[in-house]
Amino acid sequence: MSLPLAASLAALAAILTNRILAVGVGLWLQVPAFLLLGILLFIDIIQIPLYYRIYEHGSSLLDGVPFIKKWMNRDWSTSALGKRAKPLGGIGVMIVAALPTFGGGMWSATFLAYGLGLRRRAGYAWMILGSVLSYFTLYWILDTLIRTLRFFMR
């Protein structure tokens, strides 16, 4: 399989599924590490301003639905997640951004950073750091598993 096609399939897996599958697809299709991680990080980074925009301006689109607007505009620092994450500040945002499972990732981390009132630049930095740590950890673990699987398949 050609490298551009393999890299495109890994990117598509990142957009449609989750980090674990995206890294796994890229490793299985033998996309070089720098290219795979660069593409996946780029996809995560371009999501952040989009999600901030949704949180900042999304409630104006919901003027006709008062209960959703009220829910979007509530003080999230008083929620159960907010109470646990607020003392952690940026580290809490980084942890949520690093989670490769459902409920983690950029959407949730942006929501948490916005809800906690973190400055935007600090929020970006913490989310990007969480994404980098997540991808490097997943790459290391999945690379070991896929190499082992390939060894035993021969």
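The values are calculated or read from the model by the stated rules, or taken from the named source; none is laboratory data. In this text, all values refer to a predicted model and were calculated from it rather than measured experimentally. All Cβ positions, glycine included, derive from the backbone under ideal geometry; neighbour counts span all protein chains shown. For accessibility, only protein heavy atoms count, side chains too; no ligands or nucleic acids. Shrake-Rupley method; radii C 1.70, N 1.55, O 1.52, S 1.80 Å.
What does the accessible area of I20 come to, in Å² to the nearest 10, when a probe of 1.4 Å is used?
70 Å²
Within the range 1-41, what whole-number % of the accessible surface is contributed by carbon and sulfur, with the 1.4 Å probe and all protein chains included in the calculation?
C and S atoms contribute 76 percent here.
Ranked from highest to lowest mean number of other Cβ atoms within 10 Å per residue, what is the order of the peptides 118-129, 138-149?
Numbers: 118-129: 17.3, 138-149: 13.8.
The most tightly packed comes first, giving 118-129, 138-149.
If R₀ is 25 angstrom, what is the calculated FRET efficiency for the pair T137 and I54, using the beta carbon separation as r and rounding to 0.05?
On the way: r = 28 Å, r/R0 = 1.11.
It comes to 0.35.
Roughly how many Å² of V96 are accessible to a 1.4 Å probe, to the nearest 10?
That residue has around 20 Å² of solvent-accessible surface.
Ignoring ligands, DNA and RNA, how do F152, F136 rank by accessible area with a 1.4 Å probe, largest first?
Details: F152 155, F136 115 Å².
Output order, biggest surface exposure first: F152, F136.
Top to bottom by accessible area (1.4 Å), largest first, where do M106, M94 land?
Working: M106 5, M94 35 Å².
Sorted descending by solvent-accessible area, the residues read M94, M106.
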